[in-house]
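The values are calculated or read from the model by the stated rules, or taken from the named source; none is laboratory data. Please read all numbers here as calculations on a predicted model, not as lab measurements. Here the Cβ positions follow ideal geometry from the backbone for every residue, glycine too, while neighbour counts run over all protein chains shown. Just so you know, the surface numbers come from the protein's heavy atoms only, side chains and all, with ligands and any DNA or RNA stripped out. Shrake-Rupley method; radii C 1.70, N 1.55, O 1.52, S 1.80 Å.
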Amino acid sequence: MAAADGSWLKKVSQADRKRVNPYTAQQEAADAGMHLFHDNCAKCHGESGEGRYNRPGLRNERVAHATDGELAWILKNGEPWKGMPSWSSLPEQQRWQIITYIRSIQTDNSSGSASVVK
Ligand code: HEC
């Protein structure tokens, strides 16, 4: 499997890209997202998004710079032929909660905790 190169970003439409996470920086959503991440994502992306084997970590620059809408797109559609499944079977609300969690582990470094509330 080739290393992730971010080519999926080119497939996201302008309208999808502009979507905004309704649960941005909400602690409850981050907590729910953490459990969902543990159940669905950790086996490939690591318990705290550090990446595993040839699967990318989610604390990288590309994910940090991706818009909410771009992350929502890849969760909905996946990149199946590269090994990233579609998560369209999860309710959209849960996909946004996971995105809140992903954001929280990116800003985690300075605070030393999983808190997203500013
Ligand atoms: C079966 C393994 C697997 C599972 C489970 C999985 N992923 Fe992935 N994911 C991948 C692979 C492989 C890629 C790289 C795709 C590519 O090459 O662009 C990826 C890419 C991504 C990316 C883009 C990263 C980047 O640097 O471009 C995000 C965001 C992501 N996954 C989030 C998730 C979330 C959130 C979940 C849980 C709901 C999840 N993934 C579950 C394998 C997985």
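Assessment of segment 85-92 against the conditions (assigned to a loop (DSSP other than H, G, I, E, B), open to solvent by 40 Å² or more (accessible area, probe 1.4 Å) and among the hydrophobic types (A, V, I, L, M, F, W, C)) yields at least one matching residue. Residues in segment 70-82 that are more than 10 Å from the ligand (Cβ to nearest atom) and either of a type in the set (Asp, Glu) or surrounded by fewer than 16 Cβ atoms within 10 Å (Cβ to Cβ) (or both): 76 only. Within segment 1-13, take every residue that is near the ligand (Cβ under 9 Å from one of its atoms) and in a loop (DSSP other than H, G, I, E, B) and give me the one that is least open to solvent (accessible area, probe 1.4 Å). Taking the candidates together, the pick is 6. Which of the residues belonging to segment 14-35 are assigned to a helix (DSSP H, G or I), touching a Ser or Thr at 6+ places or on another chain (Cβ under 8 Å) and under 20 Å from residue 77 (Cα atoms)? Those that are assigned to a helix (DSSP H, G or I), touching a Ser or Thr at 6+ places or on another chain (Cβ under 8 Å) and under 20 Å from residue 77 (Cα atoms): 17, 33. Pairing residues of segment 67-87 that are farther than 15 Å from residue 10 by Cβ with residues that are assigned to a helix (DSSP H, G or I) and near the ligand (Cβ under 6 Å from one of its atoms), at Cβ distances under 6 Å and at least 6 apart in sequence or on separate chains, gives 87/75. May I ask you to list the residues in segment 36-69 that are touching a Phe, Trp or Tyr at 6+ places or on another chain (Cβ under 9 Å), assigned to a helix (DSSP H, G or I) and either open to solvent by 20 Å² or more (accessible area, probe 1.4 Å) or more than 10 Å from the ligand (Cβ to nearest atom) (or both)? Within segment 36-69, 36, 40, 44, 45, 68 qualify.
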